[in-house]
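Since every read-out is calculated from the coordinates, none of them should be taken as a lab result. Given the structure is predicted, the values throughout are model-derived calculations rather than measurements. Glycine also receives a Cβ, built like all others from the backbone with ideal geometry; neighbour counts cover every protein chain displayed.
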Protein chains: 2
Amino acid sequence: MAPHVTALDVRTMADCRPYYSPVSTTQGPVKFIYTAGQIGRDKNGVVPATYEKEVELAFQNLGDCLLAAGATPSDIVKVTYYIVNYSPKNRYHAQVLLKFMNGHRPPSTLVPVTALAVPEYHFEIEAVAAIRDLAAIPPIVKPAPGNSLSVDVVVVGAGLSGLQAAHDIQRAGFSCVVLEARDRVGGKTWSQSTKDGGVVDVGAAWINDSNQARMYALAKRFDLELIEQNTDGNCAAHVPEKEALVFRYGEVPAWGEKDVADIVRIRDGFEELCHTIDIRNPWDAKYDDVTLEDFMKKQGAGERALGTVSIWTRAMLGCEPSELSALYFLDYCKSGGGLLQMRSDQKDGGQHLRIRTGTQTFSKKIAESMVPGSVILEAPVSRIFQSRLGSAIVTTEDGTRYHARKVVVSIPTPTYKQITFQPPLPLDKLEYSSNSMLGYYAKMILLWDKPWWRKGGYCGMTQSFVGPASVTRDTSDDLNGHFSLTCFVVGQPGRDWSKLSPAGRKEAILAQLVQLFGSENEAFIRAPTEVFEQEWVKDVYSQGCPCPVTPPGIMSDVGKALREPFESIHFVGTETSFEWKGYMEGAVRSGERGAAEVIEALSKKEGKVLAKL
Amino acid sequence: MAPHVTALDVRTMADCRPYYSPVSTTQGPVKFIYTAGQIGRDKNGVVPATYEKEVELAFQNLGDCLLAAGATPSDIVKVTYYIVNYSPKNRYHAQVLLKFMNGHRPPSTLVPVTALAVPEYHFEIEAVAAIRDLAAIPPIVKPAPGNSLSVDVVVVGAGLSGLQAAHDIQRAGFSCVVLEARDRVGGKTWSQSTKDGGVVDVGAAWINDSNQARMYALAKRFDLELIEQNTDGNCAAHVPEKEALVFRYGEVPAWGEKDVADIVRIRDGFEELCHTIDIRNPWDAKYDDVTLEDFMKKQGAGERALGTVSIWTRAMLGCEPSELSALYFLDYCKSGGGLLQMRSDQKDGGQHLRIRTGTQTFSKKIAESMVPGSVILEAPVSRIFQSRLGSAIVTTEDGTRYHARKVVVSIPTPTYKQITFQPPLPLDKLEYSSNSMLGYYAKMILLWDKPWWRKGGYCGMTQSFVGPASVTRDTSDDLNGHFSLTCFVVGQPGRDWSKLSPAGRKEAILAQLVQLFGSENEAFIRAPTEVFEQEWVKDVYSQGCPCPVTPPGIMSDVGKALREPFESIHFVGTETSFEWKGYMEGAVRSGERGAAEVIEALSKKEGKVLAKL
């Protein structure tokens, strides 16, 4: 099957490469996208001072228009330029075009004009684009239990990675269903409604608008409102047998000069070291022969520094420094641009922007944009059989069979064992997945009528060297008057807390908050309007979050096996991403990667079949 | 059913005729085509010296863009002009437009501009077009033997004429299947693979790029590589009991002054006479009361001239001058622009350009562009029943019935007798088809490692007054290192040769080549790497090629019946074409004509039904 937009060269005419093609065609059911003429003007109506910047901004605006319509530059069918004072000697737009189109060459027309709508404008570009109209594809009807359905691709798991993969595969013209065990999409993103009409994210909650390009593009595509994470105000550190230490966001709690120096030394040394990791070949580095704890001890980390490292691994992965290899953590941090960036709540950081309607919106919107009926819920996969002929049969627990040419598995590696693979997974992959471990990760989200902590000058961010919650953050939606703190109950303190009764767990958190914010706030603290609790380890289809870790020896031995296809089966999921592992960004990137693998393979097969005729 | 692009006039607005319409619509599943702004620039980037030529070339480029996308000017939805130094007093583009659009009036916008992309350009035109997206139509599923299927139109025969007709009918919005007796498409075009990865055309092999507009358009549409027929070098004439006469291409073999004068007189007289024939009404002319041989004898043609005429009819039609009426041959020559042009291998000639991938590519590509499954192979038609209600049932040999509102018969007239027509064909048509005769036409194609004949200064073209091959041509693909001579074993010498054993036939050809090219080449000649032989008379579904001829009395009596519809049945095929009879060009033109007849008739019927509602 060909892509839905094809740009053609015409042998009998002058060569138009590399800038454009003389003609393009669309194919199959498509949605057309028409943009207004886009000019170089920012959100505030300001036109850049130079022509070059103006051209670049016009292209950027064009990109945003396409994004809002669910399209990309490769979907463009035709562009038209309108240029004031055009001179054939100044074709700066052609350079920007080449970068913007990234190999795609839609037909174009350049129209020199004497003026545009206002004198400040010198360059305008408009486009027609087309995307495959998935809503126009006949809906998929879920087969009755025991019956079967044939598709090009089956995706197992309707988390962000699986949905992104299925979306891309459908857009490329292949039939695809997603089989989801749960009764909802989103995987480890789950936005639950509050009694007062708000929403809380009991799973993944943050994106950013700079280095998380995929998530920010999705936010633009779905026109989602973003909430900037507040870091103005004091933080509090919860320490043993003392009053909470108050410190500014970005600083180190005031343990005392020597401890602070030790923490800073350990932190900065680790930051520097993690940047030496090649995320595409992390196993080339050393550091996989030792746990992170032992590694830090070798660095001479003192008690406070080790405690700080524990907060990192607990908050970031739900595990203890003794449970994962130093290399794993170095690579993990590097995947998000470094320890500091990954941990940051500010611009470029991992926890910078929330979604007003909750992060599950991403998955819901992607699913809504797909072929009707193609995301099949409550369909846990029990078996994946691969025939020698290069096709597969995916069977769900009720005995329904899905015949497919390709399968994309988008579930966490530790849950592979819930599926019978026939033939079995390769030994390397088995070794990797059976040695991967998901940490303990829970969120308790408490809602109040008012953000009482702010009166005391607090931003809501706390750290704890005691527990049960290692970290808290303000997750309020001020605009709608919803106020909440989210407590990350993670790692060993989380495991201990988990054994308490429900009432005991709530009480433990309330008591910790009183210790952190002082008894003057106790009355407020103890009167939350609503409390949400989510222990991801108890979720059978996730078994933890955000991402499984490996102990020493696994990455260097079989790490490469993680994302390797196994015959017709491809593997995605945030843990398989090179960048932003454990984050939604990583999930989406891995989904794109898996889709690209499958599309390339299927397109080759199509080619072969055509060649036979 | 309406065409997929409709241009509408608006009663309440100023009249836009004859140049454009104010608005157009598209209908049904369509593929959209967008062109870049087309300027008057040739393949080498040269802009013509005059504005008029520049405008014409821009339209021509626009036409080529559409062609590459499988569209024609009548598919245009909207055009936009950009004109430098526009003056309402110079609207030359409007004249070109009228000719280009040929009655279609898409909406247009004229934009005067101060400049275009480079100063040499003064006129630019871009277009949006739409064609019916046949790939988006639900595939046709061949009914099981004995079952039935209902469609608007059944086409009998998947040669070029039938495929072109079916393609046009599907494009116009009607359902249509093609029933083909063979296990392949292409009819009398058949491209077979050689052992060394090349291809040989055992059927029709040449087109040109000037007066064979349909074939050249198809070559552009399918982006086919063309090979110019070589005429540089010496030709050789094979004469009785003498050494071969060597002559330059285009000259007459050096028989001697008197003979040459006679041949030239006969040739030029016939050339002049054939141009007096009105190809739409050839029966108005005399010359149908005499065979071509008797006609030539009356002109006082000597032995050598008569021998030359024999080579014409043998090479062009596989028959002897005594077997066809003079009028038939006059009309046949005129249909290809005259005797000289039809016989020419040079620019404008009938044998000017070959297709690197073989001429069957045309049929394969047309079939691929049609509704999936709509070309049904191995389905020989045994019976066509027409009911009084104006519909038909076409039955194949396995008893499958195809119900249709119209039938297009695209098989050679002499094979009509293989089908039971009920009611029977009209008497005139029966008389015509039972008196039509297909000549003997065979090709033997010999491949060698090297083009040994070129060393001797030969171009590969030979004529024979002895046989068995009346004509040979170089049919090499130099670029890919495939070298071959194609021997046309035709007419009475061919019939005699046909009776030999396979080994005898090959030996006869090899011996002739040795006589033609000299014993110094014998070692090369006798070591071909591969030999192909195709005797079209033995092909049950063709019974000969390229085209049946008629003896005296038939054309003038019942010639008009040839292409007349019989109730719901329409007749196409290269022999029914007014232009380029016997050639692929004629086949395609006849297919277009048959489709137009059917589309008009069905559209009228639709109109009636609509009027009733």
ask   = Between A:H403 and A:T276, 0.36 nm times their residue separation minus their Cα-Cα distance comes to what?
value = 41.3 nm
message = How many angstrom lie between the Cα centre of the stretch A:1-52 and the Cα centre of the stretch A:344-387?
response = 30
message = With the crude spin-label approximation of a point 7 Å out along Cα→Cβ, what separation in nm comes out for B:Y541 versus A:S150?
response = 2.7
request  = Please work out the Cα convex hull volume for the protein assembly as shown and give it in Å³ per residue.
outcome  = 229
request  = Any of B:K297/B:K499; B:K43/B:K455; B:K334/B:K560 with alpha carbons more than 24 Å apart? Name them for me.
outcome  = B:K297/B:K499; B:K43/B:K455
query = Sorted from shortest, what are the nm distances separating the label point of B:G256 from equivalent points in the other copies, each placed 7 Å from Cα along Cα to C-beta?
reply = 13.1
note = Expressed in angstrom and rounded, the centroid-to-centroid distance over alpha carbons for the stretch B:461-524 and the stretch B:95-157 is 45
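Just round it to a whole percent: the fraction of Cα-Cα distances in chain B exceeding 30 Å. Walk me through the numbers before you get to the answer.
Values: 108339 of 187578 pairs.
Pairs farther apart than 30 Å: 58 percent.
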inquiry  = I need the chymotrypsin sites (Phe, Trp or Tyr not before Pro) found in the stretch A:495-541, filtered to DSSP loop residues with at most 13 other beta carbons within 10 Å of theirs.
reply    = none
message = Whole-Hz ³J(HN,Hα) for each residue in the stretch B:237-249, computed from phi via Karplus 6.51 cos²θ - 1.76 cosθ + 1.60 with θ = phi - 60°, x for glycine and proline: what do you get?
response = 10, 8, 10, x, 6, 9, 5, 4, 8, 9, 8, 7, 4
ask   = What is the Cα radius of gyration of the stretch B:310-410 over 2.2 N^0.38 Å, N being its residue count?
value = 1.56
inquiry  = Tell me the mean residue ellipticity at 222 nm calculated for chain B from its helices only (DSSP H runs of n ≥ 4, each -39500 (n - 2.57), averaged over every residue, nearest 500).
reply    = -9500 deg cm²/dmol
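If you put +1 on each Lys and Arg Cβ and -1 on each Asp and Glu Cβ, how big is the dipole of the protein assembly as shown around its Cα centre, in Debye rounded to 20? Could the numbers behind the result be given before it?
Numbers: 132 positive and 144 negative charges, 371 e Å.
So the magnitude is around 1780 debye.
So, R0 is 45 Å and r is the distance between the beta-carbons of B:K450 and B:R184; what FRET efficiency does that work out to, to 0.05?
Working: r = 32 Å, r/R0 = 0.70.
Once rounded, the FRET efficiency stands at 0.90.
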key: Rounded to 10°, Cα long-axis angle of helix A:257-274 versus longest principal axis of chain A   = 30
remark   = Listed by chain and number, the lysines with an alpha carbon less than 16 angstrom from that of B:K604, same-chain partners under 8 positions apart left out, are B:K406, B:K612
task = Take the stretch A:513-613, compute every pairwise Cα distance, and split them into 5 Å bins from 0; I just need the percent in each bin.
result = 2, 10, 11, 13, 13, 10, 9, 8, 7, 6, 4, 2, 1, 1, 1, 0, 0
query = Along Cα→Cβ at 7 Å, what distances in nm separate the A:A49 label point from those on the other copies, shortest first?
reply = 5.2
request  = Mind checking which aspartates and glutamates have their Cα closer than 20 Å to the Cα of B:K78? Skip sequence neighbours fewer than 8 apart in that chain.
outcome  = A:E126, B:D9, B:D15, B:E56, B:D64, B:E124, B:E126, B:D133
request  = Could you pull the copy-to-copy label distances for A:Q95, with points set 7 Å along Cα to Cβ, in nm to one decimal and sorted shortest first?
outcome  = 4.5
task = Alpha carbons only, please: Rg and Dmax for the stretch B:176-250, in angstrom.
result = 17.9, 58
request  = Can you tell me the equivalent ellipsoid semi-axes for the stretch A:392-540? Use √(5λ) from the Cα gyration tensor, largest first, whole Å.
outcome  = 42, 18, 13
ask   = Taking Cα pairs under 8 Å and at least six residues apart, what relative contact order does chain B come out at, in percent?
value = 18
For the stretch B:5-132, convex hull volume per residue from C-alpha positions, Å³ = 101
message = Which residue in chain B puts its Cβ closest to the axis that rotates chain B onto chain A, and at what distance in whole Å?
response = B:T114, 3
query = Can you run phi through the Karplus equation (6.51, -1.76, 1.60; θ = phi - 60°) for the stretch A:506-517 and list ³J(HN,Hα) in whole Hz, with x for Gly and Pro?
reply = 5, 4, 4, 5, 4, 5, 4, 5, 4, 4, 6, 9
query = What share of all Cα pairs of the stretch B:274-317, in percent, falls into each consecutive 5 Å distance bin?
reply = 5, 20, 21, 24, 21, 7, 1
request  = Place a label point 7 angstrom from the Cα of A:S193 along the Cα-to-Cβ direction, then list the residues of the stretch A:336-371 whose backbone nitrogen is under 20 Å away.
outcome  = A:355-368
A:A236 long-range amide H proximity, modeled H, under 5 Å = A:F247, A:T462, A:Q463
query = Which aspartates and glutamates have a Cα less than 17 Å from the Cα of B:K142, not counting those fewer than 8 places away in the same chain?
reply = B:D152, B:E180, B:D183, B:E368, B:E378, B:E397, B:D398
query = Going 7 Å from the Cα of B:E243 toward and past its Cβ, which residues in the stretch B:483-519 have a backbone nitrogen under 18 Å from where you end up?
reply = B:512-519
